[in-house]
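Encoded as structure tokens, the structure appears first; notes follow it.
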Amino acid sequence: MVEEQLGKFKEELRRAATKLRSYHPRQVKVVFHDDADGVTAAAITCRSLESLGHKPSLVCIEKAFPEALELIQSGEGNLVVYVDIGSAHADLIAKLNADRNLTLILDHHDAQPSPSSWVLNLNPELLGVDGETYASGATVCYAFAKELGVADAFMAVLAVIGSSEVPGDPKGLNRESLNDAVKAGLVELSESKTGLKITCTLAGEKAPRERLSTKLTVLSSVGYYRGGPLMAVDLCLGRRVSGVEEFVAKLEEERRAINQQLLSRIRSEGLKRDGVVQWLHAGDSFKGMGTKVIGTFLSYLSFQRRFVDRGLYLVGFMNMEPEIPGLGRLRGSHVKVSARAPDVLASLIKDGDKPPLSLLLPEAAKCVGGFGDGHSVAASGVIPKGRELDFIRSMNDLAEGRRPSRPSSLLEFMERS
């Protein structure tokens, strides 16, 4: 079933590749997410577009801010390619685009169909394939490069590194890129006590793909306001990046110190609890870093059984900087909200007994004037500063079956349950 649906997805990629080849844009933009999957997806896409004679510019966004999308979609006759981000907001992107620019979304997060032929939402989720298991942003971009006829072994290695965020042995598109990289002799496989060990080489460094993935995520997220995302893409493209090892070590130490401060606070004060939600607010603790760091911290915290109730939604907030590097300043003050499902809750979500975060968090964010997206057990969003308690109340109302103020996909879930 999965193979059949992936075959149909590749047909969609093939049609999109044909459309792209016949399109002659004035400008080309690649918009990517600030983690290893987003960075490797951007590098693969840049290499693909350069093979076709284009000169893409790069923009890294942490979340799909409507203001940011409006700036990105401005102009006419351009090509815009979103990688590892955007699928959940295809309708808004189409509205802002107004049929002016050919726009491709290459993603694996929970998605909604595009209402416009000028915005192609290329995501296996839309064909019923679990994007959390059988794909990643990077492997979707690699599959697209193959349909364009420009894929190479170098891209396959990047796809393998990008897909390391997907737990377990690689399947689907993730397995295909791994097979290609192994066949080219650029990736080594071995068995370990914990499963398949995958060793890759990036910019002359041979290491387990998890280590290379962490390095790229640290650069792009912790170093978001210090040129880290573009530095990470350059590294993936084999360009010389001076002092990168020292910079990564510095960023990792800064993040580790703040994580320890937060853990100490939780150890002494505990997490706040309200209904089915347990939460913390990091405030300005991560100031100067990209907001991906709160999600990374929550992922770690979700496994700390001393502090976390494994059956409750885990939520974290942090204050956001007003700037998007290379794009502009946002209006108003915002807070990043991230959520994770600890293991017991994750099992309940998988069995259909609890609503997934991919539905719950975006709906709760909408209730307070924000937005969000993500996967079933990990999601994030942005809300206006000062609305955190309202968000928690909305999340509780929705999770416990109290109807939201308007019909929604979450309402449909509750009616089915």
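Where a number appears in this text, it was derived from the coordinates with a stated rule and is not lab data. These numbers come from a predicted model, not from an experiment. Cβ coordinates were reconstructed from backbone atoms using ideal geometry, including for glycine residues, and neighbour counts include every protein chain displayed.
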- Note on the structure: Under the 7 Å Cα-to-Cβ spin-label approximation, ARG402 and ASP169 lie apart by a distance in nanometres of 4.7
- Message: If amide hydrogens are placed 1.01 Å from N in the peptide plane, which non-local residues have theirs closer than 5 Å to the one on LYS29?
- Response: SER57, LEU79, VAL80, VAL81
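So how do SER299, SER117, SER136, SER376 line up by other beta-carbon neighbours within 10 Å, fewest first? Display every interim value, and only then the final one.
On the way: SER299 13, SER117 10, SER136 32, SER376 19.
If I rank by nearby Cβ atoms, fewest first, I get SER117, SER299, SER376, SER136.
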- Item | Relative exposure of TYR142, TYR134, TYR225, TYR300, judged by other C-beta atoms within 10 Å (fewest first) | TYR300, TYR225, TYR134, TYR142
- Task: Could I have the simple spin-label model distance between ARG211 and LYS272, label points 7 Å from Cα toward Cβ, reported in nm to one decimal?
- Result: 4.0
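Run the numbers for GLU3 and LEU189: contour at 0.36 nm per residue of separation, minus the present Cα-Cα distance, in nm. Write out the running numbers ahead of the final one.
Working: separation 186, 0.36 × 186 = 66.96 nm, distance 2.34 nm.
Extra length from GLU3 to LEU189 when fully extended: 64.6 nm.
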- Pulled fully out, how much extra length does the chain show between ARG21 and ASP99, if you take 0.36 nm times their separation in residues and subtract their Cα-Cα distance? 26.3 nm
- Hull surface over four for the Cα convex hull of the chain, reported in nm², is 19.3
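Using the C-alpha atoms of the stretch 71-167, what convex hull volume per residue, in cubic angstrom, is computed?
Values: hull volume 9.8 nm³, N = 97.
Each residue corresponds to 101 Å³ of Cα convex hull volume.
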- Query: Taking Cα atoms of the stretch 2-221, Rg/Rh with Kirkwood Rh, to two decimals?
  - Reply: 0.96
- Message: What's the whole-number percent of alpha carbon pairs in the stretch 38-119 lying beyond 23 angstrom?
- Response: 15
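Determine the gain in length on full extension of the stretch VAL344-LEU263; use 0.36 nm per residue of separation and subtract their C-alpha separation, reporting nm with one decimal.
Numbers: separation 81, 0.36 × 81 = 29.16 nm, distance 2.16 nm.
Length difference between fully extended and current span is 27.0 nm.
What translational diffusion coefficient, to the nearest whole µm²/s, does the stretch 75-131 have by Stokes-Einstein, given a Kirkwood radius computed over alpha-carbon pairs, a temperature of 20 °C and 1.002 mPa s viscosity? Don't jump to the answer; show the numbers that get you there.
Values: Rh = 11.0 Å.
The calculation lands on 194 µm²/s.
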- Message: Please list, in order along the stretch 55-64, the HN-Hα scalar couplings obtained from phi with the Karplus expression 6.51 cos²θ - 1.76 cosθ + 1.60 (θ = phi - 60°), rounded to whole Hz, x for Gly and Pro.
- Response: 10, x, 9, 10, 9, 9, 10, 7, 9, 7
- Task: Name the lysines eligible as straight-distance cross-link partners of LYS366: C-alpha to C-alpha under 17 Å, and not fewer than 8 places from it in the same chain.
- Result: LYS63, LYS336, LYS385
- Message: Run the simple label-point estimate for ARG240 and LEU196 please: 7 Å along Cα→C-beta, distance reported in nm.
- Response: 3.7
- Taking the Cα centre of each part, how many Å lie between the stretch 157-231 and the stretch 1-48? 19
